[in-house]
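Following: one structure in structure tokens, then a few remarks.
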Amino acid sequence: MKFGYSERCLEHDTGERHPENPDRLRAIRRGLAKRHGVEYAEADPATREEVVAVHGAEYVDELEAFVDGGGGSWDPDTVASEGTWDAALTSAGLAQWAARSALDGADGRDTPFSLGRPPGHHAVPDDAMGFCFFNNAAVAAQTVLDEGAADRVAIFDWDVHHGNGTQDVFYDRDDVLYSSIHEDGLYPDTGDLEEIGRDAGEGSTVNLPLAAGAGDGDYRYAIDEAIAPAIDRFDPDLLIVSAGFDAHRHDPISRMRVSSEGYAMMTDQIRSVADDVGAAEAYVLEGGYGLDTLAEGVSMVHETYDGRTPVTDDEEPDAKTESLVAELRELLDL
């Protein structure tokens, strides 16, 4: 893969005890240094105008002033420092780079993966929350739509937390499909099965809130039986993966049971879905707070695109997962 990366993202200083800290990117880089075929690319920061395409201008102005004043705690979870404004614009710009590169033909071993922070999928149009300031995947999707590089974009979010911000941005639109597999009842306590979009966007939001303890078999079944059919029906030009790695069985802040090999499996499934519909593919980093498991997860995605065949087991989905998927398929007529 080719990874978008910038040292500017390290300047977002959240403090020593915050789980979303610069060591996350350092750990990923160390892990990738052991792998073959890793390339890095820089990217220009997103412009204010490109960010305002998905966020309210008043909020963006408020955030810029907050950072200019030295930052601090925006809310109990979300911390800004003097470097946050540039880091947030850079993180959004890296996501734009990934989307543009994919649509320009970067695929296979050159498939783009943006390693930006702060992450983005909790950032709603008029507020920061959940460690997120600008919604990187949403900015990237809106940018390529505005530039005419794509007519339809699908976003698949496998972070353990529901991407409430991404859902909110596109909830009433039919040109972006947002789909998510996440842990039921976990922060931010959104993403119910019945949240399927509104008005023109009805049917363009797909949520699978799996029960705590779901593992590789549950995720494999959910993708095959719900996410893949939804993406296939939507027929996007670009598929963006909001790639968080906090559903890993050893991540410190979730109760899911996905293995490192499970991320390779999901990558292979999503690659097949994209191939089937002829969509370009781009990855955007979201969460993941165990440094070793985060680095291993990103490396698994890379190695899958580098030619390694995932090792899958015979783990069966839980009956709760099967029931949830059946209910969603009926709700969306999949």
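Bear in mind these aren't lab numbers, they're just calculated from the coordinates by the rules spelled out. It should be emphasised that the depicted structure is a prediction, and the values quoted were computed from it without experimental measurement. Glycine gets a Cβ as well: all are built from the backbone with ideal geometry, and neighbour counts include every protein chain shown.
Taken about its Cα centre, the chain carries a charge dipole of roughly 1180 debye when the Cβ of each Lys and Arg holds +1 and the Cβ of each Asp and Glu holds -1. Applying 0.36 nm per residue to the separation of D306 and L193 and subtracting their alpha-carbon distance, the gain on full extension is 37.2 nm.
With r as the distance between the Cβ atoms of E330 and H18 and R0 = 56 Å, compute the FRET efficiency 1/(1 + (r/R0)^6) and round to 0.05. Efficiency, from the Cβ-Cβ distance: 0.85. Put the Cα centre of region 174-207 next to the Cα centre of region 104-169 and the gap is 15 Å.
Simple spin-label estimate for S81 and A65 gives 2.5 nm between the two label positions (7 Å along the Cα-to-Cβ direction from each Cα).
What does DSSP give for region 2-332 in terms of the percent of beta bridges that are antiparallel, rounded to the nearest 5?
So the antiparallel bridges amount to about 10 percent of the total.
For region 258-272, the Karplus equation 6.51 cos²θ - 1.76 cosθ + 1.60, evaluated at θ = phi - 60°, returns couplings of 6, 8, 4, 5, x, 5, 5, 4, 5, 4, 5, 5, 5, 4, 5 Hz by residue, with Gly and Pro reported as x.
Assign one of three labels to region 8-79, namely rounded, prolate or oblate, based on the Cα gyration tensor with a ≥ b ≥ c the square roots of its eigenvalues; rounded applies when a/c is under 1.5, prolate when it is not and a/b is larger than b/c, and oblate otherwise. Oblate shape, in that a/c is at least 1.5 and b/c is the bigger or equal ratio.
Sequence-distant contacts, meaning Cα pairs under 8 Å at least 6 residues apart, place the relative contact order of the chain at 19 percent. Note on Rg and Dmax of the Cα atoms in Å: of the candidates [x] 20.2, 64; [y] 17.9, 54; [z] 21.5, 68, the value calculated from this structure sits at [y].
Residue order for R173, R30, fewest other beta carbons within 10 angstrom first, comes to R30, R173.
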